[in-house]
Amino acid sequence: MNNKEHNPEDWEFETLAVRAGSIRSGEREHSEAIYLTSSFVYESAQQAQAVFAGDEEGNVYSRYTNPSVKMFEERMAALEGGELACASSSGMAAILGMCMALLKAGDHVVCSRSVFGTTVTVFNKYLARFGVETTFVDFTDYDQWQQACRPETKLFFLETPSNPLGEVVDIEKMASLAHDNGAWLMVDNCFCTPALQQPLKLGADIVVHSTTKFIDGQGRCMGGVAVGSKELISEMHLWQRAAGASMSPFNAWNFFKSLETLSLRMDAHCRNAMELAQWLEQHSAVEKVYYSGLPSHNGHELAKKQQKAFGGVLAFTVKGGRQEAWSVIDRLQIISRTANLGDTRSTVTHPATTTHSRLSDEDKQRAGITENLVRISVGLESVNDLKKDLESGLSSLT
């Protein structure tokens, strides 16, 4: 019989990150087991019938339920302050899954322009095929959100902080606006993680993550998760049971174990990012730095209010255009040239030609994705070494 640890309400975040959701097998292992199995066996045909019918608790098939995935879901729900979580094969699968579970033909979505480029594709191209229309608005213009609403509006979607400029929106205000218009608020919390921000506690209805990023923290596994009320997330579980966009047990176990060090890692990411942002802001080859930890950032005061710290991702513009930005990127020796983020290793990318390349030139301009913009996900290396690496690139422009 499984021995499941309880999640006392008075446990603090760090304890939940280490203890919540743990399931012990009959072997009484201390580090939780990985359940690498596609199916499960039963003591009798009658028991199988009862489990399949839902009359007896148990696992049916790893596309439906798996102990490793369940442990990760329960820990994420505890950390985000939600009732239920649904893990998926990727962050985009989590977004799509929630939309497919909750929306129908004729429904309307209001979405920030400052979202990941593939998110725009999902709303603009694929959901549109099924009769779901999306209106894109400027992220921090609350009047635009209100003016975009219709009687058929069912969902607000946003990222805060945004990718890659780190723009910040008032989650409480957005939740009230969404609810006043009969809509749900879904927040992509990927950049902060629940270690820094808990949107559900600020009024959001659903939180989604690409767990590939800071949740994993080491660039190993693909995954996603949605967290919210039992009523809403249960709908995604039903959709996923049919659609099959499930998280693998191995990946779930990796994410589950990574959560144990999430607070420690995020603290270190934030410290390094802050020091690097302050250094970049003083560099003669840099036009502007986008990091909400800086007083010069337009979202600084709001970020202080609703986040524990300012995250591990920053962006900056160099003096010049695409070629100058590429020159800086190509000279780097330590920082990895890759579009992924949230890794222990620092990464760098040119958003206009990678993560946001699918956007039209007009949409890039409206979202602030310029040709001289560079994004860095600050890792856990020595920040002095990161400065030296960036100086080797920026010095070519001075």
Quick one: length gained pulling Leu264 to Ala45 fully straight, 0.36 nm per residue minus the C-alpha distance? 74.1 nm
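Can you give the percent of C-alpha pairs in region 262-397 whose distance is more than 20 Å?
Value for region 262-397: 43 percent of Cα pairs lie more than 20 Å apart.
May I ask you to derive the relative contact order of the chain, considering only C-alpha pairs under 8 Å and at least 6 residues apart, and to give it as an integer percent?
Details: 813 pairs, mean separation 65.7, N = 398.
Averaging sequence separation for qualifying contacts and normalising by length gives 17 percent for the chain.
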Calculated Rg and Dmax of the chain using C-alpha coordinates, Å: 21.6, 76
For region 58-208, state the average projected area of the convex hull of the C-alpha atoms over all orientations, rounded to one decimal in nm². 9.1
Starting from the Cα gyration tensor of region 64-128, multiply each eigenvalue by 5, take the square root, and state the resulting semi-axes largest first in whole Å. 26, 13, 12
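Which order do Cys190, Cys221, Cys270 fall in if you start with the one that has the fewest other Cβ atoms within 10 Å?
Numbers: Cys190 25, Cys221 18, Cys270 21.
Result, fewest neighbours first: Cys221, Cys270, Cys190.
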For Ile334 and Glu362, compute 0.36 nm times the residue count separating them, minus their Cα-Cα distance, and round to one decimal in nm. 6.7 nm
Could you tell me what % of all Cα pairs in region 153-305 have separations over 24 Å? 42
Using only the alpha-carbon atoms, how far is helix 91-102 inclined from the longest principal axis of the chain? Give it as 0 to 90 degrees, nearest 10. 60
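Every read-out reported here was derived from the displayed coordinates using simple, explicitly stated rules and does not represent laboratory data. Given the structure is predicted, the values throughout are model-derived calculations rather than measurements. In this analysis, Cβ positions are derived from the backbone assuming ideal geometry, glycine residues included, and neighbour counts consider all displayed protein chains.
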